[in-house]
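K.L.:
Got a structure for you, questions after.
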Amino acid sequence: MSEQSCFQAGQFVVLREMWQHRVWSARPAIIVQDTPELMAFYIPADVGITWKRAIALDDTPVTIEDRLQLEWLLEDVEWLGFDMLRLTIPGASYSVIIFWNTEDGSQQRWYINLEDPLCRTTQGFDYEDLLLDIIAAPDLTSWYWEDEDELEKAVSLGVISSTKADALHIEGKKAIDWLQSGKSPFNGWEKWRPDPSWQIPVLPEGWDIID
């Protein structure tokens, strides 16, 4: 797929987290918007949605060491919990994610995921998660860093450089400041609701093929 090609609203794609050219996780999502200004992906909290995540060879949770040694398998996991909308500016090194409570449709939190920019594939988008995240209250009056300890461990093991870690903190702070200003392209999406005619997303055929 060329850089100019776009997916259509309602189309199923796969969002793959990669590590060293291997799939670390794979989630089926529905395209909400795919434009040069902003991409939006929706995953509903429907029973029956299955995604793939990394698991250690001994069937225990994966660790930073597993990443370093390139040792993991993928297991099927049922997607439960929250409706999720992922918003990404093409070329940006983070995504802004909105979670809603399924019981009453209220917003549960804002989530800023630090990552390498999304790369378009024939089946969806690939990215490399960079461990550090920000969680903010629905009204954006408060926020905190998430997984700083995991990032510190990755730095100590040489998986991520200290320079890169510093840059992630700077980028994350810029992103949350922009969001809190109310003037970012993400503000207002918390009021968005999905098309009720959309079907439950599934991983497209060939989701595991590396282009």
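What follows is calculated from the coordinates using simple rules that are stated; it is not laboratory data. The structure displayed is predicted, hence computed values, not measured ones. Note that each Cβ is placed from the backbone with ideal geometry, even for glycine, and that neighbours are counted across all protein chains shown.
K.L.:
Taking the Cα centre of region 12-184 as origin and charging only Cβ (+1 Lys, Arg; -1 Asp, Glu), how large is the dipole, in debye to the nearest 20?
P.N.:
Around 600 debye, computed over region 12-184.
K.L.:
Contact order normalised by length for the chain, with contacts defined as Cα pairs under 8 Å and 6 or more residues apart; what percent is it?
P.N.:
Relative contact order here is 20 percent.
K.L.:
Which entries of K153/K174; K153/K183; K153/K173; K153/K191 show an alpha-carbon separation above 30 angstrom in the structure shown?
P.N.:
Result: K153/K183; K153/K191 exceed 30 Å.
K.L.:
For a distance above 32 Å, tell me the whole-number percent of Cα pairs in the chain that qualify.
P.N.:
Roughly 14 percent, once rounded to a whole number.
K.L.:
Follow-up. How large is ³J(HN,Hα) for each residue in region 93-105, as worked out from phi by the Karplus curve 6.51 cos²θ - 1.76 cosθ + 1.60 (θ = phi - 60°), to whole Hz, x for Gly and Pro?
P.N.:
Computed from phi, the couplings for region 93-105 are 9, 6, 10, 9, 10, 10, 10, 10, 6, 6, 5, 10, x Hz.
K.L.:
At most 11 other C-beta atoms within 10 Å and a DSSP loop state: those are the exposed GluC sites (Glu not before Pro) I care about. Give me the longest piece of the chain that has none.
P.N.:
Here the longest run is 104-204.
K.L.:
Of L80, L168, L15, which has the largest mean-square fluctuation in a 10 Å C-alpha GNM of the chain?
P.N.:
Of L80, L168, L15, the Gaussian network model singles out L80 as fluctuating most.
K.L.:
Run the helix sum for the chain: -39,500 (n - 2.57) per DSSP H stretch of 4+ residues, divided by residue count, reported at 222 nm to the nearest 500 deg cm²/dmol.
P.N.:
-5000 deg cm²/dmol
K.L.:
What aspartates and glutamates does K164 reach when the alpha-carbon gap must be under 16 Å and sequence neighbours fewer than 8 apart in one chain are set aside?
P.N.:
K164 reaches E115, D116, E128, D129, D133, D147, E148, D149, E150, E152.
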